[in-house]
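Structure first, then comments.
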C-alpha cells in the first residue's frame, strides 16, 4: 500500500496516494530527446498542454531547457524565461484549474514562473546546481520536486559505476531533502524523484525499478519519470539496436505500471492518455491490497 500524503503547492493541497497523478510533459525546446522542436512555439505548446489535460493529466510540466547529454546546449536564464513564461501565463489564463509545474534548476526562472501561475517547481538537480534555489523555494512556498542526479549532463559518460544504485539514491535523497528542509522548505511541499537515467548507466536503472518500493522509506511522496528513456530503448533492443524513441511506448507503460505497484504517487510522462489507463488498472490493484 502507498502512504497517503497531502502535498501543499501553495494555493491548494493535492492528495497523493489514493490514485496516481499523471504529470504531462510539454518541452518548449528545440532539442529534447522525445518532443524537441514540436512545441517551441508558445501557442502550440499551450494547445499541447490542453490536449494533455483533456487526456487526464493532473499536472502539466513545462520545460525550457533540455538536459540531453551530448546534444543539448546550455540555455541562458533570459532565453529560458522567454520560452516558458508565455506558455505558463497563457495556460493559467485558459485553464485556471490546471496545476502547472516549471521544469527548471534556475532560481530566477522558478520565481518568474511562479509569478505567472506555476504552482510547482521541478528541479532535476535536487536544488544543487543553483545555490539560490532552496532558499527561493522556501520563500515562494510552492510545491517542489527534488530529483536525484549524479553530476552534470556533460559528465555522465565518464562517471564511475554505482555499486548499489538503490542504496545510493535512497541515502542521497534523504540527505538532500533534509538540507532542503533546513533551508526552510516545508516537508509537506516536497516530492522526491530518484532520477531515472540522470547520471545512471543504462543497467543501473533496473535495480531502481525493481526496488522502487524501498524509496518509500524516505518518508516523502514519490514521483517517477521513465517515459521513453534510453534504458527502456536498450531493454527493447532488437538485432543489437536500441528501440527508437517512437517505439518505446509499451515498454514505458510496463515500467510505469510497475512503479505504481511499487509506490509511485506521480508519473511524469509524454503519453498521458495511455498512462492514465494503465494507472487506473494499477491503482485498482493497489487499492485491493496488491
Check: If you wrap a convex hull around the Cα atoms of the chain, how much volume per residue is inside, in Å³?
Finding: 118 Å³
Check: Using a ≥ b ≥ c from the Cα gyration tensor of the range 153-273 (square roots of the eigenvalues), is it rounded, prolate or oblate, where a/c under 1.5 gives rounded and otherwise the larger of a/b and b/c decides, a/b for prolate?
Finding: prolate
Next item on the list: Starting from the Cα of residue 129, step 7 Å along the direction of its Cβ; do the same at residue 174; then give the gap between the two resulting points in nm.
Entry: 2.7 nm
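By counting other Cβ atoms within 10 Å of each Cβ, how are 28, 272 ranked from fewest to most?
272, 28
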Check: Which residue, 146, 159, 208, tops the fluctuation ranking in a GNM of the chain built on C-alpha contacts under 10 Å?
Finding: 159
Checklist line | Taking 13, 47, 114, 100 and counting other C-beta atoms within 10 Å, the order from fewest to most | finding: 13, 47, 114, 100
Note to self: Given points 7 Å out from each Cα along the Cα-Cβ axis, report the residue 78 to residue 285 separation in nanometres with one decimal.
What the structure shows: 5.1 nm
Check: Roughly what % of DSSP beta bridges within the chain run antiparallel, to the nearest 5?
Finding: 15 percent
Note to self: Taking 37 °C and 0.692 mPa s as the conditions, I'd like the Stokes-Einstein D for the range 206-263 in µm²/s, using the Kirkwood hydrodynamic radius from alpha carbon pairs.
What the structure shows: 271 µm²/s
Check: Picking from 49, 144, 179, which is most flexible by a Gaussian network model of the chain using Cα springs under 10 Å?
Finding: 179
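Throughout, read-outs are computed from the coordinates displayed, never taken from laboratory work. Note that this is a predicted model, so its numbers are computed, not measured. With ideal geometry, Cβ positions are generated from the backbone for all residues, glycine too; neighbour counts draw on all protein chains shown.
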